[in-house]
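For reference, the structure discussed in these notes is given below.
The values are calculated or read from the model by the stated rules, or taken from the named source; none is laboratory data. Keep in mind it's a predicted model, so treat the numbers as computed, not measured. With ideal geometry, Cβ positions are generated from the backbone for all residues, glycine too; neighbour counts draw on all protein chains shown. Protein only, heavy atoms only, side chains kept; ligands, DNA and RNA dropped before computing areas. Shrake-Rupley method; radii C 1.70, N 1.55, O 1.52, S 1.80 Å.
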2 protein chains.
Amino acid sequence: MNDYEIEFKNYLKERGLKFTPERALILKAVFSLHKHFDIDQLWEKLHKKDNRLSRATIYRTLPLLLDCNLIQETLRCQGRVRYEHIFGHQHHDHMVCLKCGKVTEFREEKIEKLQEEVCKRYNFKSVEHRLGIRGYCQKCQKKLR
Amino acid sequence: MNDYEIEFKNYLKERGLKFTPERALILKAVFSLHKHFDIDQLWEKLHKKDNRLSRATIYRTLPLLLDCNLIQETLRCQGRVRYEHIFGHQHHDHMVCLKCGKVTEFREEKIEKLQEEVCKRYNFKSVEHRLGIRGYCQKCQKKLR
DNA sequence: TCGTAATTGAGATACAGTCTCAATTATACC
DNA sequence: GGTATAATTGAGACTGTATCTCAATTACGA
């Protein structure tokens, strides 16, 4: 059994919730997809495996996965929410290309530290933060010229 | 006439668009509201002044104001998009309290510079960036205890 | 194995945001 | 000032995403 499956089972058990085949399927799909995904991609993948699985079940399961920190929202782009599985990954920030949609991850330790400093300065207790840079990736810059 | 009105008029003129009373009203409301606002607050304010003004017109005007940099989106919180007027203001980032919704602005020059460095490193041409920190403000931290 | 409360699928519903279209109007040009 | 014309408007229809309802099903503790 995968670590993330154990994690999810524990999370459910603690709350008296059930580990159903549908939830197992969704969990598996989330971690087998490309790291960044949106609901449509997830639904398409799941629909192939079990065409009875309902959209509602996906929408009901995602908040659970968010709540136990197996996944997180990344950027919203063109009205779409994008997710990524983060279990076992370190926090990082994102750059998104406005043309091709490519997502690049980066981590800059100094920025992380400076944010902590800012929070201290304002007596703000940080829970999470998101830094998203929108612009054009190397390839698309060339095309634009 | 206000500076932002001149700005908007020029923007419209350049594109062969019209400066209508409805647009004037929306512009005025945007700058008379608390700096951070959402569509509902804007609609409520406008509805009081002219109850014939349509929601569609607001939705049609906001992209124009965004495009000419008079306003910008800030954070999305609980599915809501929030805007702020930025004309004449310097770029800054946000902290949002998850309990009371209070928005605190901050600017940290070092973070701004580090972001530029990151973009250079990845050959990414930045257009805009958003840094949002979610957590609890000083007051709400006390209440939680 | 059984009882019970959680979960499911399907479709209804809610809601924000967009689109359509006929009527109106701002603006450039005379 | 008058006129032509293309942009704009309001109202309501529509779209698409996400949520809710409810009867039927099912996981899981005892």
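Being open to solvent by 60 Å² or more (accessible area, probe 1.4 Å), of a type outside the set (Asp, Glu) and within 17 Å of residue B:34 (Cα to Cα), is that true of even one residue in region B:125-137? Within region B:125-137, none of the residues are open to solvent by 60 Å² or more (accessible area, probe 1.4 Å), of a type outside the set (Asp, Glu) and within 17 Å of residue B:34 (Cα to Cα). Looking only at region B:60-84, residues that are open to solvent by 40 Å² or more (accessible area, probe 1.4 Å), over 12 Å from the mean Cα position of the chain (by Cα) and within 13 Å of chain A (Cβ to nearest Cβ) come to 3 in all.
Would you confirm whether any residue within region A:77-99 is in contact with a His (Cβ under 7 Å, 6 or more places away or on another chain), within 13 Å of DNA strand D (Cβ to nearest atom) and not assigned by TED's automatic domain parsing to the domain that holds residue A:134? Explain how you work it out, then say what you get.
Restricting attention to region A:77-99, the residues satisfying the condition of being in contact with a His (Cβ under 7 Å, 6 or more places away or on another chain) are A:82, A:84.
If we keep only those that are within 13 Å of DNA strand D (Cβ to nearest atom) as well, we get A:82.
Within this subset, residues satisfying the condition of being not assigned by TED's automatic domain parsing to the domain that holds residue A:134 are A:82.
Within region A:77-99, one or more residues are in contact with a His (Cβ under 7 Å, 6 or more places away or on another chain), within 13 Å of DNA strand D (Cβ to nearest atom) and not assigned by TED's automatic domain parsing to the domain that holds residue A:134.
Taking region A:116-143, which residues are outside any strand (DSSP E or B), within 7 Å of chain B (Cβ to nearest Cβ) and within 23 Å of the chain's Cα centre (by Cα)? A:137, the sole residue that qualifies.
Listed residues A:47, A:34; which is more than 8 Å from DNA strand D (Cβ to nearest atom), open to solvent by 50 Å² or more (accessible area, probe 1.4 Å) and within 28 Å of residue A:94 (Cα to Cα)? Please lay out each step first, then the result.
On the way: A:47 fails: within 28 Å of residue A:94 (Cα to Cα).
Result of the check over A:47, A:34: A:34.
Against the list (1) within 10 Å of another protein chain (Cβ to nearest Cβ); (2) hydrophobic (A, V, I, L, M, F, W, C); (3) buried (at least 18 other Cβ atoms within 10 Å of the Cβ), the condition residue B:106 fails is (3).
Taking the criterion of being farther than 28 Å from residue B:105 by Cβ and open to solvent by less than 50 Å² (accessible area, probe 1.4 Å), the residues of region B:11-31 that qualify are B:12, B:20. Only one entry of B:87, B:8 meets the criterion of being closer than 17 Å to residue B:105 by Cβ, among the aromatic types (Phe, Trp, Tyr) and either more than 9 Å from DNA strand C (Cβ to nearest atom) or open to solvent by less than 30 Å² (accessible area, probe 1.4 Å) (or both), and that entry is B:87.
Restricting region B:90-99 to residues that are surrounded by fewer than 18 Cβ atoms within 10 Å (Cβ to Cβ) and within 12 Å of chain A (Cβ to nearest Cβ), which is farthest from the chain's Cα centre (by Cα)?
Quick first cut of region B:90-99, residues surrounded by fewer than 18 Cβ atoms within 10 Å (Cβ to Cβ) only: B:90-92, B:98-99.
Then drop every residue that is not within 12 Å of chain A (Cβ to nearest Cβ), which leaves B:92, B:98-99.
Numbers: B:92: 11, B:98: 19, B:99: 21 Å.
Filtering first and then ranking leaves B:99.
Do you know which residues across region A:58-87 are at pLDDT 90 or above and of a type in the set (D, E, K, R)? I'd like the intermediate steps shown before the answer.
To start, the set of residues in region A:58-87 that are at pLDDT 90 or above comprises A:58-72, A:83-87.
A:60, A:67, A:84 - these are the residues of region A:58-87 that are at pLDDT 90 or above and of a type in the set (D, E, K, R).
When A:13, A:45, A:35, A:49 are checked against the criterion of being at pLDDT 95 or above and among the charged types (D, E, K, R), A:13 stands alone in meeting it.
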